[in-house]
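Asker: Let me begin by handing over the structure; questions about it come next.
Each value in this text was obtained by applying a stated rule to the coordinates, not by laboratory testing. On a predicted model such as this, the values are computed, not experimentally measured, just so you know. We place every Cβ from the backbone using ideal geometry, glycine too, and count neighbours over all the protein chains shown.
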Amino acid sequence: MDILLKPIVTEKMTAQGESLNRFAFVVDKKANKIQIKSAVEEMYGVTVEAVNTMVYAGKNKSRFTRTGAIQGRTNAFKKAIVTLAEGDTIDFYSNI
């Protein structure tokens with residue numbers, strides 16, 4: 001099971017990464033905190049101190065076009081915020 005789907009790189013998470021040593025990932029909805037911790041430690045070679053998770057529900061969206069209203073829904077996802085040990089860091093831009 002692929003646990004880590006993608007990192008979340010936003011202004012807010014970049015600031016938290018610099019000041020609080022926290023990094024965020026979109027993870028599989030069935031993954032628990034223990035699996036997320038081991039996946040991050042294995043993939044990036046760091047020590048994880050804490051994992052916080054939250055599940056976002058999908059939102060209803062609609063837009064109006066010439067042919068009428070189009071309705072849809074955004075995907076639901078699970079987000080994990082990982083706090084690393086002092087001195088460890090993750091560089092998402094190293095392989096660009």
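Asker: Would you please name the residue that is surrounded by the most Cβ atoms within 10 Å (Cβ to Cβ), looking only at residues in segment 21-46 that are among the hydrophobic types (A, V, I, L, M, F, W, C) and in a loop (DSSP other than H, G, I, E, B)?
Answerer: Filtering segment 21-46 for residues among the hydrophobic types (A, V, I, L, M, F, W, C) gives 23-27, 31, 34, 36, 39-40, 43, 46.
Cutting the leftovers down to in a loop (DSSP other than H, G, I, E, B) gives us 31, 46.
On the way: A31: 20, V46: 18.
Among those that are among the hydrophobic types (A, V, I, L, M, F, W, C) and in a loop (DSSP other than H, G, I, E, B), it is A31.
Asker: Which of the following residues is of a type outside the set (F, W, Y), surrounded by fewer than 18 Cβ atoms within 10 Å (Cβ to Cβ) and assigned to a helix (DSSP H, G or I): E49, E18?
Answerer: Numbers: E49 fails: assigned to a helix (DSSP H, G or I).
Of E49, E18, the one residue that is of a type outside the set (F, W, Y), surrounded by fewer than 18 Cβ atoms within 10 Å (Cβ to Cβ) and assigned to a helix (DSSP H, G or I) is E18.
Asker: Looking at the structure I just gave you, is I3 surrounded by 12 or more Cβ atoms within 10 Å (Cβ to Cβ), out of contact with any Asp or Glu (no Cβ under 7 Å at 6 or more places or on another chain) and of a type outside the set (F, W, Y)? So that I can check it myself, show each step before the final result.
Answerer: Numbers: surrounded by 12 or more Cβ atoms within 10 Å (Cβ to Cβ): yes; out of contact with any Asp or Glu (no Cβ under 7 Å at 6 or more places or on another chain): no; of a type outside the set (F, W, Y): yes.
So I3 does not fit the description; no.
Asker: Quickly run through segment 61-90 and pick out the residues that are in contact with a helix residue (DSSP H, G or I) (Cβ under 9 Å, 6 or more places away or on another chain) and either small (G, A, S) or part of a loop (DSSP other than H, G, I, E, B) (or both).
Answerer: Passing the criteria: A80, D88, T89, I90.
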